[in-house]
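Down below is the structure, laid out as structure tokens.
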Amino acid sequence: MSAAALLLVLGLPCLAALLARRAARALGRTHPATATWCLTLLSVGIGFATCLGIASVAADLLLLRWSSLLPAVLVHLPPGSLATCALVLGAALLAVTGALPAGCAAARDWWAAHRALGDRPAGGVLLLSDDAPEAYAVAGPRSVVVVHTGLFDLLAEVERAVVVAHEQAHLARHHGVHVLAARTGAVLNPLLRPLVHAVHESVERWADEDAADRVGDRAAAARTVARASLARRRASTGGGHLAMSQGGAAARAAALVRPRPPDRRAAVLAVIASVVAVNLAVGDAAHGVEDGYERLRRSAATSAEPSATTRNGRIAITVTQSTH
Ligand SMILES: [Zn+2]
């Protein structure tokens, strides 16, 4: 792999991640549904491009530099298939191992929440006798909205409706999946970590907007967010819950005081086009690994016949590697 290709496969995902961080700030001016989808797609798309870039470098090292380490049987595979398999399997392996930590953390949160709820019926709204002014949504097969009496008793009827609508929006819009996707992208490419915080804030604002639409009163929604935040006397009940008082309450209340922000679906299309372009560019550069491997095989077969055969069960084509 040439220096230019190496720079492209490793540098482009990093550059894209830095640009995504700037885009995250700009997306704050759009409707939070738009912003959430854009941030999620950026996290997943750039995270996968990072995997592809790392896999191409690994394949380049393994096939072109350290090929003597490969079993001899692999040299008989159809042209290009070994390099292609190395790229695809490497990228998939990195993606899966990157998703595991985020998935395990989400599973732990989900299990802890359902153990805390015990045998209570799923669905609907569960009013818990607890002085802590909290409300949160527990996703999963037994999804439920939980509101503590400590918050419920503080609020007027319309404000209670806002709280319930906010938490139901988290469940209906699958906000937990967006957060999980952003966490996965950040594991695959640490430069994407700020997007996790941005997605957390964005899903809270999205739920606020849905709640305001449901009750038809933006002022009441803003007041509810502010009161819930002020009443909060203890920390969040857990990282896996999307609690009512999370996500920058002052900014959320201020956003609800302003008119509803515009949907910008073109922004989602632009993000999709961008992440596809980044992956195609990285994939095209990674394709050079296949070309290099094939040139190496042909060179080994024509110019140095003995060296293209096996030696002690190992591929010996590294002897003719000088052109790469
Ligand atoms: Zn929330």
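When Pro78 is tested against (1) part of a loop (DSSP other than H, G, I, E, B); (2) modelled with pLDDT of 70 or more, exactly one condition is not met: (2). Counting only residues that are buried (at least 24 other Cβ atoms within 10 Å of the Cβ) and touching an Asp or Glu at 6+ places or on another chain (Cβ under 8 Å), the range 197-233 holds 4 of them. Any chance the range 170-181 includes a residue that's touching a helix residue (DSSP H, G or I) at 6+ places or on another chain (Cβ under 8 Å), near the ligand (Cβ under 10 Å from one of its atoms) and within 20 Å of Val146 (Cβ to Cβ)? Yes, there is a match, as at least one residue in the range 170-181 is touching a helix residue (DSSP H, G or I) at 6+ places or on another chain (Cβ under 8 Å), near the ligand (Cβ under 10 Å from one of its atoms) and within 20 Å of Val146 (Cβ to Cβ). Residues in the range 224-254 that are at pLDDT below 55 and basic (Lys, Arg) were compared, and the one that is nearest to the chain's Cα centre (by Cα) is Arg234. Could you check the range 131-158 and list, in sequence order, the residues that are within 14 Å of the ligand (Cβ to nearest atom) and in contact (Cβ under 8 Å) with a residue 60 or more places away in the chain? Hits for the range 131-158 are Pro133, Glu134, Ala135, Tyr136, Ala137, Val138, Leu151. Taking the range 153-173 as the range and being in a helix (DSSP H, G or I) and surrounded by fewer than 17 Cβ atoms within 10 Å (Cβ to Cβ) as the test, the residues that pass are Glu157, Val158, Ala172.
Could we say that Gly150 is buried (at least 20 other Cβ atoms within 10 Å of the Cβ) and either modelled with pLDDT under 95 or among the small types (Gly, Ala, Ser) (or both) here? Taking the combined requirement at face value, the residue does not satisfy it.
For the range 198-210, name all the residues that are aliphatic (A, V, I, L, M) and either more than 12 Å from the ligand (Cβ to nearest atom) or at pLDDT below 95 (or both).
Residues of the range 198-210 that are aliphatic (A, V, I, L, M), as a first pass: 198-199, 203, 207.
The answer is Ala198, Val199.
The residues of the range 1-46 that are in a helix (DSSP H, G or I) and in contact with a Pro (Cβ under 8 Å, 6 or more places away or on another chain), listed by number, are Arg21, Ala24, Pro32, Ile46. One residue stands out among those in the range 20-53 that are closer than 18 Å to Ala95 by Cα and polar (S, T, N, Q): the one that is surrounded by the fewest Cβ atoms within 10 Å (Cβ to Cβ), which is Thr40.
The values are calculated or read from the model by the stated rules, or taken from the named source; none is laboratory data. Quick caveat: nothing in here was measured; it's all calculated off a predicted structure. Cβ sites come from the backbone with ideal geometry, for glycine too, and all protein chains shown count toward neighbours.
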